[in-house]
Amino acid sequence: MIRVSNLKAAYGKIEALHGISFHVEKGEIVTLIGANGAGKSTTLKALMRLVPPEAPTVTGGDITFDGASILGMPAHRIVSDIRMTLAPEGRRIFGNLTVMENLQLASWSRKGESTDKEIQHVFELFPRLAERARQRSDTLSGGEQQMLAVGRALMTKCSVLLLDEPSMGLAPLIMYDMFRTLKRLNAEGLTIIVVEQNAHLALKVADRGYVLDTGEIVAEGPAEELLHRPEIKAAYLGG
Ligand code: ATP
């Protein structure tokens, strides 16, 4: 479905990705793990075709979706035509809007279609959001804000969801709930690429994983196998 080949990306003159290759098949959960600064978020931003200065410039290689290059496509078409959406690191919800307003705003790419079904789906996945539909988003807890960030991404009716550190700042129970929900969305047909610091949790739910280290992929394989590789355990799973 998605094929990244020898992708190079830079911020100004500094290269952050030195030619990485990976693929994601329809219906998979694929995780990118690695230490701080390895290039995980950079990879997601490059996939979404976000623009500098926050996102990198792609300086080499290719990204294809169902066989066609998407390098020339602007981010809004990645969302509306490719149906790939990013739930970014740090959530980036609109704090001065209510939960419902955030969800409604996210359906801009749907051009006037009814969004009732998706709102219902989001509220069914995250009942706490339903209870707080009219609450200002900046008064939600961290976990609720993360639910809203994922819910908002789902409002685009995406078929591929990119998640950047969904467990960041969450209490363990809420973190497990979030990953359980991701598993459920995957069972409903959603393809997921998840970037995570919590490598153990990510590998537990993913089908396959890639390990990034300073802009290069240094290991890859079925998630279950990566979980048990001694060098991965030592470097990323706390021994
Ligand atoms: P973390 O887990 O800490 O979020 P990461 O693996 O997601 O790390 P990236 O955010 O992709 O890492 O960063 C990769 C490299 O690119 C780092 O050296 C970082 O300093 C640099 N970088 C990231 N964003 C920018 C930017 N907007 N401008 C300049 N350099 C950047």
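ARG132: modelled with pLDDT under 95, touching an Asp or Glu at 6+ places or on another chain (Cβ under 9 Å) and of a type in the set (Lys, Arg), yes or no? The answer is no for ARG132. Considering segment 53-86, the residues that are of a type in the set (A, V, I, L, M) and within 14 Å of the ligand (Cβ to nearest atom) include one that is surrounded by the most Cβ atoms within 10 Å (Cβ to Cβ), namely LEU86.
May I ask you to list the residues in segment 84-113 that are assigned to a loop (DSSP other than H, G, I, E, B), aliphatic (A, V, I, L, M) and either over 18 Å from the mean Cα position of the chain (by Cα) or modelled with pLDDT of 95 or more (or both)? It would help to see each step written out before you state the result.
Narrowing segment 84-113 to residues assigned to a loop (DSSP other than H, G, I, E, B): 88-97, 111-113.
If we keep only those that are aliphatic (A, V, I, L, M) as well, we get 93, 97.
Within segment 84-113, LEU97 is the sole residue that qualifies.
Could you tell me whether any residue of segment 202-224 is part of a helix (DSSP H, G or I), modelled with pLDDT of 95 or more and farther than 20 Å from GLY169 by Cα? Among the residues of segment 202-224, at least one is part of a helix (DSSP H, G or I), modelled with pLDDT of 95 or more and farther than 20 Å from GLY169 by Cα, which makes the answer yes. Looking at ASP81, ASP116, just one residue is within 19 Å of the chain's Cα centre (by Cα) and without any contact (Cβ under 8 Å) to a residue 12 or more places away in the chain, and that residue is ASP81. The one condition from (1) modelled with pLDDT under 95; (2) over 25 Å from GLY95 (Cα atoms); (3) assigned to a loop (DSSP other than H, G, I, E, B) that GLY189 does not meet is (1). Does SER41 satisfy being within 23 Å of VAL150 (Cβ to Cβ), away from the ligand (no atom under 13 Å from the Cβ), out of contact with any Ser or Thr (no Cβ under 6 Å at 6 or more places or on another chain) and small (Gly, Ala, Ser)? Answer is no for this residue.
Taking ALA149 as the residue in question, decide whether it is in contact (Cβ under 8 Å) with a residue 60 or more places away in the chain, under 16 Å from the mean Cα position of the chain (by Cα), within 16 Å of the ligand (Cβ to nearest atom) and part of a helix (DSSP H, G or I). When the stated conditions are applied, ALA149 passes them. Residue by residue through segment 1-52, note down the ones that are surrounded by fewer than 18 Cβ atoms within 10 Å (Cβ to Cβ), of a type in the set (Val, Ile, Thr) and in contact with a helix residue (DSSP H, G or I) (Cβ under 8 Å, 6 or more places away or on another chain). VAL51 - this is the single residue of segment 1-52 that is surrounded by fewer than 18 Cβ atoms within 10 Å (Cβ to Cβ), of a type in the set (Val, Ile, Thr) and in contact with a helix residue (DSSP H, G or I) (Cβ under 8 Å, 6 or more places away or on another chain). State whether the residues of segment 161-173 include one that is aliphatic (A, V, I, L, M), under 15 Å from ASN102 (Cα atoms) and surrounded by fewer than 17 Cβ atoms within 10 Å (Cβ to Cβ). There is no residue in segment 161-173 that is aliphatic (A, V, I, L, M), under 15 Å from ASN102 (Cα atoms) and surrounded by fewer than 17 Cβ atoms within 10 Å (Cβ to Cβ). Being within 14 Å of the ligand (Cβ to nearest atom), part of a loop (DSSP other than H, G, I, E, B), in contact (Cβ under 8 Å) with a residue 24 or more places away in the chain and not acidic (Asp, Glu) is the requirement here; does LEU50 meet it? So LEU50 passes the test. Cβ-Cβ contacts under 7 Å between residues 6 or more apart (or on different chains), taken from a first residue in segment 4-17 that is more than 14 Å from GLY61 (Cα to Cα) to a second residue that is near the ligand (Cβ under 10 Å from one of its atoms) and not basic (Lys, Arg), are listed as TYR11/PRO56.
Pairs are defined by a Cβ separation below 9 Å, a sequence spacing of at least 6 or placement on different chains, a first member in segment 227-239 that is farther than 21 Å from GLY37 by Cβ, and a second member that is of a type in the set (A, V, I, L, M) and in a loop (DSSP other than H, G, I, E, B); the pairs so defined are LEU227/LEU237.
The values are calculated or read from the model by the stated rules, or taken from the named source; none is laboratory data. This structure is a prediction, so every number in the text was calculated from the model and none was measured. Every residue, glycine as well, gets a Cβ built from its backbone with ideal geometry; the counts of neighbours run over all protein chains shown.
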